[in-house]
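Have a look at the structure below, then the notes.
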Amino acid sequence: MKTENNIIALIIAIHDFLEGLNEIHLKPFLADWPSVKCLTRSVLPNDLPVLSYMPETVKTAGEKTEIIVNMLVSLAIHLAWGQTYSAQDFGVGFLEKYGWTEFIGKRGPIASNRMACGCLFLGPQIEYPQHRHEAEEVYVPLTGQTLWQQSSQDWAQRDPGLPIHHASWVPHAMRTEKTPLLALYLWRGGNLVQKSIFTDVREDAPIHPGHG
């Protein structure tokens, strides 16, 4: 029961943090945010190799994001971490430094058919290739020193706590350097578990499910 209460407290803290950013692109997501009085779905914890980098996230957390980061670090082993891809997609090295967990949506402990919210975690020295999807998306990096790219724009670092908006079908990518990336993601519109299309493959090539 204590773990369940802590997960609820984390989700409430994430909502309050996002609301406090007062960012226009976040308002529709917050309007669709479900009640978080209790967990509505049983989700079993799942560990991944990337979690070995979790303690390092505290070093690059921002002043506004450190509370959320510390909560995630303490609860990480109690969350259901998943991976979309196999070694055949991007290699074993990618899988060792990649994972995500959903808090709200079709798979998380808080059920919602209108929006999804979770956390993406990437280890150091890894690139999440450029991809796109129907759902509108907002990322909020909780740690710094990561490069972000949208469409054909140059790679750029974004500060912790600064929302990054991706409109429907806009290609985007992430690349970590010496430190890992911990980032909140929010999806709305379309299928919340839709398969992402990677822009470096043929349009008729197989597409892969996942968030990002």
F90, F29 arranged by Cβ crowding within 10 Å, fewest neighbours leading: F90, F29
Fraction of antiparallel bridges per DSSP, segment 2-209 only, in percent to nearest 5: 95 percent
Fully extended contour minus Cα-Cα distance, from L30 to R114, at 0.36 nm per residue: 29.2 nm
In deg cm²/dmol, rounded to 500, what helix-only [θ] at 222 nm does the chain give when every DSSP H run of at least 4 residues adds -39500 (n - 2.57) and the total is split over its residues? -5500 deg cm²/dmol
To make sure I understand, if each residue's beta carbon is the centre and we count other beta carbons within 10 Å, what order do D16, D32 fall in, fewest to most? D16, D32
For segment 2-209, with only Lys/Arg (+1) and Asp/Glu (-1) charged at the beta-carbon, what is the dipole magnitude about the Cα centre, in debye rounded to 20? 420 debye
List, in order, the whole-Hz ³J(HN,Hα) value for each residue of segment 87-101 obtained from phi through the Karplus relation with A = 6.51, B = -1.76, C = 1.60 and θ = phi - 60°; use x for Gly and Pro. 4, 5, 6, 10, x, 5, x, 5, 5, 6, 10, 9, x, 8, 9
R41 to S86: FRET efficiency via 1/(1 + (r/R0)^6), r the Cβ-Cβ distance, R0 25 Å, to the nearest 0.05? 0.45
Name the long-range amide H neighbours of Y98: under 5 Å, sequence gap of 5 or more, or other chain; modelled H, no Pro or chain starts. V50, G123
Given K97/K178; K59/K178; K2/K59; K2/K27, the pairs whose alpha carbons are separated by over 20 Å: K2/K59; K2/K27
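The numbers here are math on the coordinates, done by the rules we state, and not lab data. As the structure is a prediction and not an experimental result, all values here were calculated from the model. When we count neighbours, we look across all protein chains shown, and the Cβ atoms used for this are built from the backbone with ideal geometry, even at glycine.
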